[in-house]
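Notes follow once the structure below has been shown.
The values are calculated or read from the model by the stated rules, or taken from the named source; none is laboratory data. Everything numeric in this text was worked out from a predicted model, so none of it was measured. Backbone-built Cβ (ideal geometry, glycine too); neighbour counts: all protein chains shown.
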C-alpha cells in the first residue's frame, strides 16, 4: 500500500500562502478593532459627562448661573478664573482620579495637543490648566470664559470640553484620541458639529480635527481618517 502525504514543498507553499493572507488581513482587523474601541470610549465618556452636567444643573441651576466675579480683557485670565467653576460643579458626579484647577497643580499633567495630521498646537497646550482625569483613564479639559454664547454653530455654549480618551498617552491628536464638545447653559453636552474644513487629511490648521466629534457620535466610525469629501448628511463612506 502507498501512503499519501504532503511533500515538504507543498507544506512550505501552504504556509507561505497563509503568511501572505495573514499579513494582508491582520492589520485591517487590528485597525477595525482600534476604531471600534475608540468610538466606544468616546461615547462612554460623552454619556458620563452629560449625566454629570445634567445632575449638576438639577442641583445648582443653569450653567450660566455658575459663574461669579468680573471678567478681564485677558482671555487666559478668564480661562483660569471661570473654567474651575465648571470643574467644581461637575466633579461630585464623576469618579475621578485627580482634578487640577491651576497652572501649578496641573503642570504634571500638561501635554502638547496636536491636530488631526500631527501639527502641534502650542497655544492650547499653554491653556491646558483645568482638567479632570477619570478612573477609567479618560482626561477632560475644560475651557470657559464665563460667558454663554455661540461657539462652533452651537447657541449658548458656556464651555468647551476636550475629552482625551487615553489621557497623556499618544497620539494626543484632535479627532484621533481627543474629541471636542461644548456645554450649553441648559446643561446639555453637545458634540462639536462636523465641518469638513476642520476635519480632513490635508489642513495644517491647528484646529483641524476639532470638528470631527459629531461624526463619531452620529456615524459610529472614523471614516474621516480614510478619505476626505465626506458629509454628515451625504457621503459617509470612502467607497
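Annotations for the structure displayed:
- Residue 208 being farther than 22 Å from residue 134 by Cα, under 13 Å from the mean Cα position of the chain (by Cα) and crowded, with 17+ Cβ neighbours inside 10 Å: yes
- Residues that are out of contact with any strand residue (DSSP E or B) (no Cβ under 9 Å at 6 or more places or on another chain) and either free of Cβ contacts under 8 Å to residues at least 24 places away in the same chain or within 11 Å of residue 139 (Cβ to Cβ) (or both) within region 91-107 comprise just one, 104.
- Any chance residue 135 is modelled with pLDDT of 90 or more and buried (at least 17 other Cβ atoms within 10 Å of the Cβ): no
- Meets criteria (at pLDDT below 95, assigned to a helix (DSSP H, G or I), surrounded by 19 or more Cβ atoms within 10 Å (Cβ to Cβ) and under 20 Å from the mean Cα position of the chain (by Cα)) for residue 31: no
- One residue stands out among those in region 168-194 that are over 8 Å from the mean Cα position of the chain (by Cα) and free of Cβ contacts under 8 Å to residues at least 40 places away in the same chain: the one that is farthest from residue 56 (Cα to Cα), which is 170.
- Annotation: of all residues in region 45-57 being touching a residue at least 60 places away in the same chain (Cβ under 8 Å) and more than 15 Å from residue 140 (Cβ to Cβ), the one that is farthest from the chain's Cα centre (by Cα) is 57.
- Residue 10 being exposed (fewer than 11 other Cβ atoms within 10 Å of the Cβ), at pLDDT 80 or above and part of a helix (DSSP H, G or I): no
- Every residue from region 77-108 that is at pLDDT below 85 and surrounded by fewer than 17 Cβ atoms within 10 Å (Cβ to Cβ): 77, 102, 103, 104, 105, 107, 108
- Leading residue by the ranking (modelled with the lowest pLDDT) among those in region 114-128 that are in a loop (DSSP other than H, G, I, E, B) and in contact with a strand residue (DSSP E or B) (Cβ under 7 Å, 6 or more places away or on another chain): 127
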